[in-house]
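Working notes, structure below.
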Amino acid sequence: MKRNYWTTVGIPVIVATRLTLPFFLWRNPLVVWGLVSLVDWFDGDIFRQAFRYQKNSVYQFFDKTADLYGNCFALAFSYTARAPIFGLLLFFFLLRAVGTAIFLVRRKRKILAFFPNIFGDLFIVYIFTLTLPSLKFLLQGTTLRLTVLLLTVLTLVREYFLHVKEVQPHQLLTGRRWV
């Protein structure tokens, strides 16, 4: 029988990466969160290859749990860094956490479209402002409202495609999966 390296190597590497990367947020939040996002972007294709001969019901459970795990670290980082928008980050974190909890019980992906991950997108803007202080205006006054509005619209569109249409962003761009 042929060995499936997606299962024996790919899945363990993805799981180990998703579990360990968030610990390094305090070292370099922009690079680490970029890596977390990159792994999150293509881990579904790894799972799909590993379980190609059977229905893969495990992936969404793993992915949403790993997302929540990473978001907990991002929230902790925001708190310890005394983020000026911590209250807003906390609100969006709780919104997604409630949606994730409902999803984990009900197992219906469409639920997640009603609890968008605006937290993750706003956290990215926040860590960009830490790295490039000239961008701090994005999180101040009226510009903060515009930033949140734009992120909300973009996140809702992404969530619609991911969880209602069940299409990955790179599939829309290329017409195919990564692997």
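What follows draws every value from the coordinates through simple rules; no lab data is involved. All figures in this text were calculated on a predicted structure; none of them were measured in a lab. Glycine gets a Cβ as well: all are built from the backbone with ideal geometry, and neighbour counts include every protein chain shown.
Assign unit charges at the C-beta atoms only (+1 for Lys and Arg, -1 for Asp and Glu), then state the dipole size of the chain relative to its Cα centre in Debye, rounded to the nearest 20.
The calculation lands at about 520 debye.
Once every DSSP H run of n ≥ 4 in the chain is given -39500 (n - 2.57) and the sum is divided by its residues, what mean residue ellipticity at 222 nm do you get, rounded to the nearest 500 deg cm²/dmol?
One gets -21500 deg cm²/dmol as the mean residue ellipticity at 222 nm.
Which semi-axes, in whole Å and largest first, does the equivalent ellipsoid of the chain have when worked out from the alpha carbon gyration tensor as the square roots of 5 times its eigenvalues?
29, 19, 15
Considering only Leu88, Ser78, Tyr5, whose Cα is most displaced toward the positive end of the charge dipole of the chain, charges sitting on Cβ of Lys, Arg (+1) and Asp, Glu (-1)?
Tyr5
How far apart, in nm, are two points set 7 Å out from the Cα along the Cα-to-Cβ line at Trp41 and at Gln140?
Placing both labels 7 Å along Cα→Cβ, they lie 3.0 nm apart.
Hey, in the GNM for the chain with a 10 angstrom Cα cutoff, which one of Leu104, Leu68, Leu150 fluctuates hardest?
It is Leu150.
Mind giving me the nanometre distance, one decimal, between the label points for Tyr5 and Ala81, set 7 Å out from Cα along Cα→Cβ?
3.6 nm
For the range 1-102, just the Cα atoms, rotate onto the principal axes and tell me the three extents in Å, largest first.
Sorted from largest, the Cα extents of the range 1-102 read 56, 32, 15 Å.
Where the only charges are on Cβ atoms (+1 Lys, Arg; -1 Asp, Glu), what is the dipole of the range 14-81 about its Cα centre, to the nearest 20 debye?
The calculated dipole for the range 14-81 is roughly 140 debye.
Relative to the present Cα-Cα distance, how much length would full extension add between Leu90 and Thr152 at 0.36 nm per residue of separation?
20.8 nm
Please report the orientation-averaged projected area of the range 1-48, defined via the convex hull of its C-alpha atoms, in nm².
Spelled out: convex hull of the Cα atoms, projected over all directions, averaged, 3.3 nm².
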